[in-house]
Structure formats: C-alpha cells, structure tokens
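Q: Below is one structure. I have some questions about it.
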Amino acid sequence: MDKIKYLSRIDLFKGLDPEYLESLGPVTPAHIMKRKTIVASPQSPQKCLFLVKSGMVRLYRVTKGGKELTIDILGEGHIFGEAGSFTTGAENVFAETLEDSYICKINKHQFESIITAHPELGLKFIELVAFRLKEVEEMLELMAYGSVRKRLLYLLDRVCQKYGEPTSVHEKQEADQTWVRLGIQLTHQELESMAGSIRETVTEHLRNFVFEGMINKASFRNRLLVCPDRIKKALEDCD
DNA sequence: ACATTAAAGGGGT
DNA sequence: ACCCCTTTAATGT
C-alpha cells in the first residue's frame, strides 16, 4: 500500500507537509507482523521506536506472580517504544500484536537524524509524550482511590475516546443519546488486566452496565456499543 | 472451578 | 473460495 498515506496517519506526522513525508519514506521500512506476535520485549537488544501503521498492539508488563498487566492498547497511528532517553510508555514492557499489523521500526540513530532534520517533529514528539504522561497521572489517581466500578467506567470512557466509531442508522438509535461502537474487541480478561481486578468481577459489573443502559452487547463481532454520555454521568455519580 | 457457548484455525473439496 | 470439523478462547454461574 501507499507508504505516504500510511505515514500521514501516524500521530507524530499528522498535519505535516506531504513533502516531509516523502523524505521520511526511505527510513521507515514497514514490517508485516502476524497476530499474536511479540513486537518488542525487555530483552530486545535494540531500543527502538515503533510506529503502528495498521492493526492493533497491546503493551503490557508481567508481574512477579506471572500476571499480565495491560498498560495500553494502541491502534493505527500510534507510536511506542523507546528512543534514546525519550520514552513513550515505561521500560520492561512487552508489545504484542492483537491482530495482523503493519509496523514500522526506527532505531535510535534514524530517530535522531529525523529529529535533527525536522525539529518541529521533536516538538510534536514532546507533545505526545506529555499527553501520555497526563493520561498516566489521571489513571494513577483512579487506581489509588477509585472503586472497581469507577475504574471500569473510566476505562470504558477512555477507550471510547480512543476507539469509538459513530454508529450507523441500523444500529442503536435513541433520541438525544449518541451511541458509539468500539473499534476494538475488549474481552473481560483484558479489562481485568487493565483495571486490576478479577474477571468474575468485571463480568458482574458489565452485566450491571448493560442493565443500566450504558453499554449494549447486542452487536456484531463482539464489539460493544457504548453510550459515552451515560458513562460520563455514572462516573460523576460514582463515590 | 466448571459448563456452556463463541470464535479461530486447519484441511479438504 | 467455501464449508465443516477440531481446537482454543471467552463467558456466565
């Protein structure tokens, strides 16, 4: 597929002159990775920056007890990895594809020469990292003080913002309420591993959410329909 | 922890 | 390219 078109969809390169993208083309070779393959691990010899051109990648840590803690799920256009002293996401993180993905790998030198040649990319990069930091801080507060219900609501809300797609006419329609479909398959296991709970509890809460009309699972391909407004309201009413 | 159900993978036609 | 069977994963109790 068209390389430039892919590049323009990467957050870091969004809104840039196509001419720039042309010049970046040669240094951003892409790799096709099959579903369920490890893209990066703490053992990776090289510290690289990765661009997700298409597909889906899950970042997670493994705790001492062998449990996986999902840090984030990245879709098309997102970047991750480490490049020099800048890091997006923490160290000791595994990255695994959730579906067949098209991923581009940039090593430290390539990254540095890109930034040197295009300083405004450096600024953009800082913006992205800063945004991430904000997300993490917010999450931290919630994890420390929030109930499981609150944490789940928060996660759903965030996933909505990231992967919500507008619903079509055939799907859920209600006056005044917008429903979005999540462009991602969220299993109870994954929610558990993000909310730091146990699966049975997640199942129970999700059942309640359906009952309270905030989410709806009567939809194809296991992708939830969510009503973000109601989620937000419930979040405020929580504790 | 178990039973049921749904999805993914593989092979053959 | 399609369908069916087997295996594996997800869900509900």
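Bear in mind these aren't lab numbers, they're just calculated from the coordinates by the rules spelled out. Just so it is clear, the structure is predicted and the values come from calculations on it, not from any experiment. Neighbour counts are summed over all protein chains in view; Cβ atoms, including those assigned to glycine, are modelled from backbone coordinates with ideal geometry.
Q: Hey, can you grab everything whose amide H is under 5 Å from the amide H of A:Met56? Only 5+ residues off in sequence or another chain; H modelled, so Pro and N-termini drop out.
A: A:Leu98, A:Glu99
Q: Right, next: Could you derive backbone 3J(HN,Hα) for the stretch A:11-23 from the dihedral phi with the Karplus parameters 6.51, -1.76 and 1.60 (θ = phi - 60°), listing whole Hz in sequence and x where the residue is Gly or Pro?
A: Taking θ as phi minus 60°, the curve returns 3, 4, 9, 5, x, 8, 4, x, 4, 4, 4, 3, 6 Hz for the stretch A:11-23.
Q: Also, quick follow-up: Provide the FRET efficiency to the nearest 0.05 for the A:Ala144-A:Lys14 pair, computing r from the beta carbons and using R0 = 30 Å. All intermediate terms of the calculation are to be shown ahead of the outcome.
A: Numbers: r = 33 Å, r/R0 = 1.10.
Efficiency computed from Cβ-Cβ geometry: 0.35.
Q: Relative to the longest principal Cα axis of chain A, at what angle does helix A:108-117 sit, 0 to 90 degrees, rounded to 10?
A: Between helix and principal axis, roughly 80 degrees.
Q: What does the charge dipole of chain A about its Cα centre add up to, to the nearest 20 debye, if the Cβ of each Lys and Arg holds +1 and the Cβ of each Asp and Glu holds -1?
A: On the way: 33 positive and 34 negative charges, 148 e Å.
Using only the charged Cβ atoms, the result is roughly 720 debye.
Q: Now a separate question. How much length would be gained if the chain were fully extended between A:Lys233 and A:Thr201, taking 0.36 nm per residue of separation minus their Cα-Cα distance, in nm to one decimal?
A: Values: separation 32, 0.36 × 32 = 11.52 nm, distance 2.14 nm.
Contour length minus Cα-Cα distance gives 9.4 nm.
Q: For the cross-link pairs A:Lys64/A:Lys232; A:Lys14/A:Lys64; A:Lys14/A:Lys47, which exceed 30 Å when the distance is taken from alpha carbon to alpha carbon?
A: Numbers: A:Lys64/A:Lys232 34 Å; A:Lys14/A:Lys64 39 Å; A:Lys14/A:Lys47 24 Å.
In this structure, A:Lys64/A:Lys232; A:Lys14/A:Lys64 lie more than 30 Å apart at Cα.
Q: Next up: Taking H as built 1.01 Å from N, whose amide H comes closer than 5 Å to the amide H of A:Trp179, not counting residues under 5 places away?
A: For A:Trp179, whose amide H was placed from the backbone, the distant partners under 5 Å are A:Thr167.
Q: Moving on. What is the log10 of I(q)/I(0) for the stretch A:110-239, computed with the Debye formula using one identical point scatterer on each Cα and no solvent, at q = 0.09 Å⁻¹?
A: Treating every Cα as an identical point scatterer, log10 I(q)/I(0) equals -0.34.
Q: Follow-up question, since we're still on this one. Once label points are set 7 Å from the Cα along Cα→Cβ at both A:Asn222 and A:Glu112, what is their separation, rounded to one decimal in nm?
A: So the two model labels end up 4.4 nm from each other.
Q: Using a Förster radius of 35 Å, what is the FRET efficiency between A:Glu137 and A:Thr178 based on their Cβ-Cβ separation? Nearest 0.05, please.
A: Details: r = 28 Å, r/R0 = 0.80.
In this case the efficiency is close to 0.80.
Q: Per the Kirkwood treatment, what hydrodynamic radius in Å, one decimal, follows for chain A from the mean inverse distance over all distinct Cα pairs? It would help to have the intermediate numbers written out before the result.
A: On the way: mean 1/r = 0.0520 Å⁻¹.
Averaging 1/r across every pair of different Cα atoms and inverting gives 19.2 Å.
Q: When the Kirkwood hydrodynamic radius is evaluated over all pairs of different C-alpha atoms of the stretch A:3-142, what value in angstrom, to one decimal, is obtained? Spell out each step's value before the answer.
A: Working: mean 1/r = 0.0645 Å⁻¹.
Radius from the Kirkwood sum: 15.5 Å.
Q: Starting from 0.36 nm per residue, how many nanometres of slack lie between A:Lys36 and A:Glu165 once their C-alpha separation is accounted for?
A: On the way: separation 129, 0.36 × 129 = 46.44 nm, distance 2.43 nm.
Contour length minus Cα-Cα distance gives 44.0 nm.
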